[in-house]
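First the structure, in the form of structure tokens, and then the observations on it.
The values are calculated or read from the model by the stated rules, or taken from the named source; none is laboratory data. Quick caveat, the model's predicted, so the values are computed rather than measured. Using ideal geometry, Cβ is built from the backbone for each residue, glycine included, and neighbour counts are taken over all protein chains shown.
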Amino acid sequence: MMPPPGCSGGNCHPPTGNLVIGRGQSLRTSSTCGLHGPELYCVVSKLQDSQNCCFCDSRDGKSHGIENVVSRSDPDGRKTWWQAESGVENVTIQLDLEGAFYFTHLIMTFKTFRPAALLLERSVDHGHSWHVFRYFAHNCSGLFPGIPPAPGRRVSDLVCDQRYSDIEPATEGEVIFQVLDPSFLAENTNNAEIQELLRVTNLRVNFSKLHTLGDRPLGGLRGHPFYYYALYELVIAGSCLCHGHASECRPAPGSPPSVHGHCVCRHHTTGTHCERCQGLYQDHPPLHAHLLCPAPECKCHGHARSCHFDMALYLASGNVSGGVCDACQHNTAGRHCELCQPFFHRDPLEDPPCDCNPMGALEGGLCDAYTDTTRGLLSGQCRCKVHVWGQRCDSCRPGHYGLSLTQSEGCQPCRCNVRGRVPSTQACDPSSGACHCKRFVSGRDCSRCLPEFWGLSSDSLGCRPCDCDFGGAYSNRCSAGQGLCLCRPHLHGRHCQELQSGYFCATLDQATAEAEHGRSLQPADPQLPVSVQQGQGEIKAHTLGLRAGRARPERASGLGERVAMCHLQGSLSTECAPLGGQCPCRPNITGRTCDRCLPGTFGLGPTGCHECRCHPEGAASAVCNSTSGQCTCWAGCAGRRCDRCLSGRWGFPRCQPCACNGHAELCHPLTGVCQDCRGATTGRHCERCLDGYYGDPTLGSGQRCQPCPCPGHPGSGLYHGTSCHVDSTSGRVLCLCAPGYAGPRCDRCSPGYFGRPWPGDDPRRSPCRPCQCNNNIDPRDPAACDPHSGHCQRCLHHSHGAGCAHCRPGFHGSALRPGGCRRCSCDPRGTSPVRCPPEAEACFCDPVSGQCPCRPHTLGRDCSRCAPLFWNLGGPRGCEPCSCHARHTLQPGCHPVTGQCPCRAGFGGRTCSRCQDGYWGDPEQECRACACDPQGSISPSCDPHTGTCRCREGISGPRCQACARGSTGGFPHCTSCPPCFASWDQRLAPLQLHLDTMVHEVAALRQGMPGWGAGLRGDQSEPGSDDLNPQGWNAAWLRMRRHWARKWPRCGLSSSGQQSYWATCGCGPGHTAPADFGLTPSDPTVTQESPDLESPETPECLLTLSDPCDSLSFSGALILTNRRGHGQLPEAI
């Protein structure tokens, strides 16, 4: 029995309820009366009451649908029920649950007779496959052959129950089924077999045979109004499936409001059915069956939602902890999520990713993992390449372009001509490197002027127009560097407006002064007038004739001019001031010809001189070398601007020596992290040993890093560890082994691996390799496979054999796939008995295809059905042939369970070899309908050989259509005769016997004398002529005719002579007409001579009347005959 609700002994059980309540929409049936129109049905227990037949009409959905089985009455208190179509025998009712539930018992209350046979089925996979719970039948051996009767030997045995299939009672009969039969004591309801027996997702009741009152027609019951299934109430008791971990359940989304299906789990379990442990309760091995999930939780520091148990870690920890956190969140890693993942740094609240661009950041995008002001570390700070900047190191510095992973410095310098690019924009496009040129500048690097322009400079327009004199130059094009136009003969100058040597155009004042002094003077000479010194002298107007394109210079008077040579890079223009010769200088450039830098600047060039920008903390002065720009640095500092530390130092501007414990000379200039550590060391200061080495390499320890003996050294080919350490208690070196190895020195294989890793000189030595057991062993089990040979010893998942590569007997599929071995689903009724040994857990099937070895004439992969034209699955010789009668069946096949052949009308029996109920005759020739009168017969059936109907009391006749002997009145209202009939009947019985004897004697005489009786009267030439002429009859005969006519108007009386008579009652078939002559002794009718009687071909009552006689009653036809034996047709009286 199921335990009571609640929790006891660590095991919980939710309360049980009716699973049908609230799930009416999940009920369905294969048959409901009146779905296609009104359907007549009658109450079987009251067949004689014509008013007790009704019509079922379920087209409105409110008559007798399957939802009525939820309750026996409607809200108004009226009884309701479900009713199937009349005469339909194979009907199913199915309940589809929304999930898995426990099913405990079932109760069905019927309105009509309980079914003669039914079976209860269950499904645990939502209807994909079905299994029989129990068979019910009034005759189990006949209806379900091969199924043993109840009770079985175990609670899970498949048996047939005969207790709930009797025809009585006619109504309110019940069918009851309990999954855990009380006759079996179930000590442990958590047994896997019982748990599987209780678990269901669907239930199906299959009605297969109707009870009748013995009048089953041979053609079937379909449409018969007296026989049908009708059910008042269906109770399916059960509870939610919680595996012993919940005492109550709550509604699942969209679930009905009755027995809920979502468990309120305890014992650290979770899931709809408490089928798994909560995510973090995996730190210890599983406890006993009721509390599968142990405490305490795995230590995941709030960074994981689940963990798993590792037996090896549990044993290695001294049985303290074996939990390993799953899917560490917040960018953490490690067994307990205690470490940051690579490229992530620690934050008080979370571990955000570095988010450094790997193309622009050093070391592939690593950032500072934490903040340490003494070491210059800032958590999350990216370290950019030389020509890259930005918080993520994702942008080129100004004047650079093309961020690329292959560039050691990150970006390339822009190659734009500073004079030709637009100064207010970026030096170049940061992606393509294309320069943004000024208006009159062109080229990818803005290094040349447009045609008719020259003098690439820092002007806002970049280049100046050639402005060649229209008359003095051939065209408006000029040289790009100097702007010299292509002059005509005898002209020169940039614009071709100047005369060749010997030709001049001077100011009037200067020319006057030179003439007065008789020598050439410089424009700034003090001897010249102030106006000339200030460039305000009057221009001497010599006519050059340039408009015509030809110069006609006047010869100079010997006075020359001085040309000032402006520096091509330091000057903004090649022309100097007309007075004094001062060239226009670029920024930070000085000198008359603009040929030197101002103090504090350096690098005379096309852009002028640059500021020294010596670092105020790293340089001793703000003045640098005017050519190289090198500043004078303090000790420990380096660089042109003295803005970095010397090699071997870090932390500008203090520039302290690198602290690498003597194992490296260089460190990172910003962070101080040592680079290229030697002596098998690593770490920020080369302060720890590499993996595979142990020791203390810090200065002053006197130790060095030594190789781990696990068991060999790194690089020896015998090293099987990942790292090691010295135990502080024992002083022994303990190794952390690589996967597949175990032991303090990693000198043996771990569970799930095999080989001989040590000693090194063993010729049988081999590395540890995974056991080749096709994932069908427990890798944590030390005995799962042989540690030396790798032979699989404890195969799981129903596998066996070398490498666990084959399915065990009783299973089929491929052991090479996860869950590939599936149990053989052979039906024992149709499977060969030799392949289903009693000690085996399942029948043996084909190990690859799963095909079961079937008995003769049995088909299906599971041998669960008979071949066509066969039936009786599970018979002693396999399925038996249908043997349907060739001419009396509609088709040769029969029902696979009952063997019933589909008979033609009028034929019945399992093989259709006899007449159907309601028919009679020789089935090999013809079966005729009984045609029994329903008012006079007990049932519509008749004797199958003679066709005689079974009449009610007081009724007789072949079809029960007349009152019986000893009854009077008109059919069907027949009443019993008075008591005197019995005495007369006793007197007539000897007379009948005497008449029968005389019939045989007369027959014998007629065979010997063919002309016997002829010529009694001389005037009668043919026998029987008197019969046609009643005028020769005597007075007695006439009195008899009148008396006959008064009492029996439907009967006729004829005569064959003067001494013998016969009377024939012309009664219809199936009726009885009484004949009562009522003759007195004085009425001579027949002489004492024995008359001649012969038996008629039709059923008639033969009698010879003798004088004296009293009133007689006869059934059938009364015949009076003479000795001549000539019969006549009765004459209508």
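Laid out as a table, the results:
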| item | result |
| --- | --- |
| Options ALA327, ALA333: the member that is at positive phi and within 47 Å of the chain's Cα centre (by Cα) | ALA327 |
| Some residue of segment 609-626 being surrounded by 16 or more Cβ atoms within 10 Å (Cβ to Cβ), in contact (Cβ under 8 Å) with a residue 40 or more places away in the chain and assigned to a loop (DSSP other than H, G, I, E, B) | no |
| Selection from segment 713-737 of residues that are in contact with a Gly (Cβ under 6 Å, 6 or more places away or on another chain), assigned to a loop (DSSP other than H, G, I, E, B) and closer than 30 Å to CYS660 by Cβ | PRO714 |
| Segment 689-711, subset in contact with a Pro (Cβ under 7 Å, 6 or more places away or on another chain) and part of a strand (DSSP E or B), residue surrounded by the fewest Cβ atoms within 10 Å (Cβ to Cβ) | PRO707 |
| Cross-chain or 6+ apart pairs with Cβ under 8 Å, segment 671-682 first and closer than 16 Å to PRO714 by Cβ, then surrounded by fewer than 18 Cβ atoms within 10 Å (Cβ to Cβ) and among the hydroxyl-bearing types (Ser, Thr, Tyr) | none |
| Subset of segment 843-875 [surrounded by 20 or more Cβ atoms within 10 Å (Cβ to Cβ) and among the hydrophobic types (A, V, I, L, M, F, W, C)] | CYS843, PHE844, CYS845, CYS852, CYS854, CYS863, CYS866, PHE870, TRP871, LEU873 |
| Output for segment 368-409, where each listed residue is assigned to a loop (DSSP other than H, G, I, E, B) and within 27 Å of PRO606 (Cβ to Cβ) | VAL386, HIS387, ARG397, PRO398, GLY399, GLY402, GLN407, GLU409 |
| Conditions (1) in a loop (DSSP other than H, G, I, E, B); (2) without any contact (Cβ under 8 Å) to a residue 40 or more places away in the chain: number failed by PRO751 | (2) |
| Any chance VAL155 is closer than 19 Å to GLY244 by Cβ, touching a residue at least 24 places away in the same chain (Cβ under 8 Å) and assigned to a loop (DSSP other than H, G, I, E, B) | yes |
| Which numbered condition MET108 fails, given (1) surrounded by fewer than 23 Cβ atoms within 10 Å (Cβ to Cβ); (2) part of a strand (DSSP E or B); (3) touching a residue at least 60 places away in the same chain (Cβ under 8 Å) | (1) |
| Whichever residue in segment 241-284 is small (Gly, Ala, Ser) and buried (at least 21 other Cβ atoms within 10 Å of the Cβ) and, among such residues, is modelled with the highest pLDDT | ALA246 |
| Residue in segment 432-453 that is of a type in the set (Val, Ile, Thr) and at pLDDT below 85 present | no |
| Considering residues of segment 739-798 that are over 26 Å from PRO714 (Cα atoms) and among the hydrophobic types (A, V, I, L, M, F, W, C) only, the residue surrounded by the most Cβ atoms within 10 Å (Cβ to Cβ) | CYS785 |
| Restricting segment 754-771 to residues that are touching a strand residue (DSSP E or B) at 6+ places or on another chain (Cβ under 9 Å) and in a loop (DSSP other than H, G, I, E, B), the residue that is modelled with the highest pLDDT | CYS771 |
| Yes/no for ALA931 being part of a loop (DSSP other than H, G, I, E, B) and in contact (Cβ under 8 Å) with a residue 60 or more places away in the chain | no |
| Hits in segment 414-426 - residues which are modelled with pLDDT of 85 or more and surrounded by fewer than 16 Cβ atoms within 10 Å (Cβ to Cβ) | ARG415 |
| Members of segment 754-779 that are in contact (Cβ under 8 Å) with a residue 40 or more places away in the chain and within 42 Å of the chain's Cα centre (by Cα) | CYS768, ASN774, ASN775 |
| Of all residues in segment 464-487 being buried (at least 19 other Cβ atoms within 10 Å of the Cβ) and in contact (Cβ under 8 Å) with a residue 40 or more places away in the chain, the one that is farthest from LEU568 (Cα to Cα) | GLY472 |
| Residue in segment 935-955 that is at pLDDT below 90, at positive phi, among the aliphatic types (A, V, I, L, M) and out of contact with any helix residue (DSSP H, G or I) (no Cβ under 9 Å at 6 or more places or on another chain) present | no |
| So TYR164, is it hydroxyl-bearing (Ser, Thr, Tyr) and either touching a residue at least 40 places away in the same chain (Cβ under 8 Å) or surrounded by fewer than 18 Cβ atoms within 10 Å (Cβ to Cβ) (or both) | yes |
| Some residue of segment 215-222 being in a loop (DSSP other than H, G, I, E, B) and in contact with a Pro (Cβ under 8 Å, 6 or more places away or on another chain) | yes |
| Only one of ARG375, ARG383, ARG346 that is on the phi < 0 side of the Ramachandran plot and modelled with pLDDT of 85 or more | ARG383 |
| Residue in segment 837-878 that is modelled with the lowest pLDDT, counting only those that are of a type in the set (Lys, Arg) and outside any strand (DSSP E or B) | ARG877 |
| Extreme residue, farthest from PRO923 (Cα to Cα), among residues of segment 946-962 that are part of a loop (DSSP other than H, G, I, E, B) and touching a residue at least 60 places away in the same chain (Cβ under 8 Å) | GLN961 |
